[in-house]
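Please treat every number below as a calculation from the coordinates, not as lab data. Since the model is a prediction, treat every value here as computed from it, not as a measurement.
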Amino acid sequence: MPEASNKGLLIGVVGTAVVVFGGLVWAILSAPPSGPSVNAKVSFNDVNDAFIGPESATTVVRLYSDFQCPACKAAEPSINYAIEKYKDTVKFIWKDFPLMSIHPNARLGANAARCAQDQGKFWEMKAKLYEEQSTWSTSNDPSVDLKAYALALGLNTESFASCLDNRADDAKVMASYQEGVRNSVDRTPTVFVGDDRRFNMTPAEWDQLLAH
């Protein structure tokens, strides 16, 4: 009986190892590539989106992001590096992609940035939202914090509060989100350089792509 039991245990261990190995192989094969992914079907409508750079630039970078996303905050230094270095020749366009199922305050954060955009301070609010992410993103009533940021940025607080409370720009946020869905965006941040989709860009990779 002990011998039979040991054989059974050995078979079970081997079987488990095979399953685990198979799972690892599947995960490796199904992981997204680190390089560019070209999707011929992508299309963009940038009419309502905030941007930095020449309006008619030949190189266009689109940034799909989520204000409550920790990975997006972590990517900010590299993205800001690219913007500061190449904004004279490259057009950088913001795209809202709030992951609402896991980031319940992201949509309201996106609305706050759009309301700031109405007063010409989108990029300032963007920076503030990432800087204060740990505060407003975990709040049960983030609108209080968002309105405080508007005051700190020198916005017309009455107009901002009305915009935020009435979700005046929510249709723009959701149009951007739906565009991302159509373009197969499934995580944030996702970057499109032209039609090439990329992830986790380092400063060196930005230089390789954008330096002329």
Q | Semi-axis lengths, Å, region 112-212, gyration tensor of Cα atoms, sqrt of 5 times eigenvalues | A | 29, 17, 14
Q) Within straight cross-link reach of Lys126, meaning Cα distance under 22 Å, which lysines are found once same-chain residues fewer than 8 apart are removed? A) Lys73, Lys85, Lys87, Lys91, Lys95, Lys147, Lys172
**Q.** Residues with amide H under 5 Å from that of Thr59, placed H, sequence gap 5 or more
**A.** Lys91
